[in-house]
Amino acid sequence: MTFSVPDFRRKWSCRGYMSVGAAMVTAALGLLLVPAESAEARKYPAPFDIFGLGTPRPRAAAHAAKIPLPRPRPEEAPKAPSKASDEAPPEAGGKSSPDQPSADKPAEAAPSPQKQASACRLALTEDIAIAPSIPDIRGPGACGGEDLVRLEAVVLPDKRKVTVKPAAILRCTMASAIADWLRKDMVPLAASLGSPISDLDNFDSFECRGRNRVAGALLSEHGKANAIDIRAIKLVNGQSIGLTDRTLSRDVRERVLHSVCARFSTVLGPGSDWYHEDHIHLDLAQRRNDYRICQWNVWDPLPQVAPLLPAERPEEAPPREVAAKPEAKEGADDEPAEKSSSPEEKSLPAKKSQSSRQATKKRR
């Protein structure tokens, strides 16, 4: 039986496809027939597991991790509110409680805790000064400060009050220094004048400005609430101790000068510049090496009456004719000398005197 070449090729290709298909079926059946409980078969993958259909490898056993549990709630702890108790029951008419924020009204921020009082604030009690605390000031250009008070009055050791007119806004340290100065230095001075102190004339305290109110100048200590300007100290009997008053005793003004220069780091008065001719500037500015400035010239007192006109002639004075007689006697002593002179020479002095009188009249 003979075959042609095309028939032989067709039969051979059919046999090849059939053999390949039989091999694939055999491999699939081998995978399915492997026992699942065989531990040895799990270690090695099937040789013909091309598509990953074999039995998966078992994972390593995970070790159980110990998770810490929270501590039991103590018995004295308050009970946590239940979900139902968290929500307040609605009021009649569907209105919410005013204490709880509604959808239209945002919740207000909790008030900040109160600032702890400073050592100066604790020491400046009502037995020393009436100086209530005020909130901190934050102004433009570093103006303002912290630990501020409004100095209204200073309480003297005998419980009298020296009113500060008007009340001064100062730092607590500056207010304490003013109180100590009045209580320890000015009270003895006023006692020597025979009357206690009643008022303190405050010319200026806190003001956000440059030095001497000059535009572009450095920030003044007044802008830091660390300075005060004083014009006078008034007594109960009505007398006023003007610190720059030249009619006041020089000794009194010098005692004030020595007291303030010993307590304050800056003292400016007459003689420092023309900005401080009518008041005294005091502050507690901190400088390097504790440098201090004390510029205050205590001028001599002015005369009570200026000698603008000559004094009137007293009534007990002798008349002018009598006062002129000694001059006539002196002229009589010179008569012998005059006799020796000729009559022409005598007439010359008379002419000269007349000409001098006419010249003086023209000059006037």
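The length gained by stretching the chain between residue 311 and residue 274 to full extension, at 0.36 nm per residue less their Cα-Cα distance, is 9.7 nm. Put 275, 291 in order of accessible area, highest first, and with a 1.4 Å probe you get 291, 275.
If R0 is 30 Å, what FRET efficiency do you get for residue 214 and residue 159 from their C-beta distance, rounded to 0.05? It comes out at approximately 0.10. With the highest mean first, a sort of the peptides 120-133, 219-232 on other beta-carbon atoms found within 10 angstrom per residue produces 219-232, 120-133. The percentage of C-alpha pairs in segment 160-267 whose separation is greater than 19 Å is 46%. The packing ranking of peptides 190-197, 238-245, 147-154, 210-217, highest mean first, is 147-154, 238-245, 190-197, 210-217, where packing means the average number of other beta carbon atoms within 10 angstrom of each residue.
Accessible surface comparison of 76, 146, 254, 315, probe 1.4 Å, protein chains only, largest first: the order is 315, 76, 146, 254.
The values are calculated or read from the model by the stated rules, or taken from the named source; none is laboratory data. This structure is a prediction, so every number in the text was calculated from the model and none was measured. For neighbour counting, all protein chains shown are included, and Cβ atoms are generated from backbone atoms with ideal geometry for every residue, glycine included. Side chains included, ligands, DNA and RNA excluded: accessible areas come from the protein's heavy atoms. Shrake-Rupley method; radii C 1.70, N 1.55, O 1.52, S 1.80 Å.
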